[in-house]
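These notes are about the structure you will find just below.
Rule-based calculations on the coordinates, nothing more; no lab input. Not measured: the values here are computed from a predicted model. A quick note on method: Cβ atoms are made from the backbone with ideal geometry, for glycine too, and the neighbour counts reach across all protein chains shown.
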Amino acid sequence: MELHEVGPQQWDALIAGEQQSWGGGPEEQLVWARKQRHVGVLDGEGVPLALAGALVADVAVGERRFAVVGIGSVIVTRAMRRRGLARVVIEAILAIARQLGPERAMLFCRTELTELYARFDFRPIAAAVTAEQPSGRIAMPMEAMWAPLAARATWPAGEVAVLGEPF
């Protein structure tokens, strides 16, 4: 279901006190772009059990500049993992992504999650990827992947610059 707002109370309920809920790596220290759209799975009392977000962002690959749907904030509360909820929210956010206009979706993830995203047609971006942080442009310390949202979409060769904060 699409959520109109995801605020601090929803995040606190979703994280449920888990330390390093994003894996404990460098991603815990990054500043991430705010998502424009969210989908979630809620329990009977409206408490979020799983969430995914998306936004339209610009990237540059060499001299080419184009929009992507940045997918992020994909999380399942610890007590509900391994029950198929990640599939539910990823499929739902990709359905929204297909309506937003860009021909490609892009995300960042930990190496151990690349197989999960590959099931949704996400493919590795082999080139270096940079993004903005408060301290300036950085090389992203995570895997970058893309998925076609249009039938003939391809990913161009070359280094990738996210023109803003990562998603």
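Per-residue ellipticity at 222 nm for the chain, helices alone: DSSP H runs ≥ 4 residues times -39500 (n - 2.57), over residue total, nearest 500 deg cm²/dmol? Working shown, then result.
On the way: 3 runs with 28 residues, N = 167.
Calculated from helices alone, the mean residue ellipticity at 222 nm is -5000 deg cm²/dmol.
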Relative contact order, percent, the chain [alpha-carbon distance under 8 Å, six or more residues apart] | 24
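By count of other Cβ within 10 Å, fewest leading, how are ILE15, ILE75 ordered? Spell out each step's value before the answer.
Details: ILE15 15, ILE75 23.
Result, fewest neighbours first: ILE15, ILE75.
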Among GLY53, GLY70, GLY136: highest mean-square fluctuation, GNM of the chain, C-alpha pairs under 10 Å = GLY136
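Using a cut-off of 12 Å between beta-carbons, work out the net charge of the residues near ALA57 (Lys and Arg +1, Asp and Glu -1, ALA57 not included). Kindly include the intermediate steps, with their values, before the conclusion.
On the way: positive: ARG34, LYS35, ARG65, ARG104; negative: ASP58, GLU132, GLU165.
Within the 12 Å Cβ shell, the charges total +1.
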Reduced to Cα centres, the span from segment 41-65 to segment 119-142 in Å works out to 15
Counting Lys and Arg as +1 and Asp and Glu as -1, what is the net charge of the other residues whose Cβ lies under 9 Å from the Cβ of LEU163?
-> -1
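How high is the FRET efficiency from TRP11 to ALA157, r the C-beta distance, R0 45 Å, rounded to 0.05? Present the calculation step by step, with values, prior to reporting the outcome.
Numbers: r = 37 Å, r/R0 = 0.83.
Result of the calculation: an efficiency of 0.75.
Which GluC sites (Glu not before Pro) in segment 77-167 pass both tests, a DSSP loop state and at most 13 other beta-carbon atoms within 10 Å?
On the way: sites: GLU91, GLU103, GLU112, GLU115, GLU132, GLU143, GLU159; in loops: GLU103, GLU159.
Those satisfying the criteria are GLU159.
Starting with the fewest neighbours, write out THR111, THR77 ranked by other beta-carbon atoms found within 10 Å of each beta-carbon.
Details: THR111 10, THR77 20.
Ordered by Cβ neighbours within 10 Å, fewest first: THR111, THR77.
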Tally Lys and Arg at +1 and Asp and Glu at -1 over the other residues with C-beta under 11 Å from the C-beta of ILE96: what net charge comes out?
-> +1
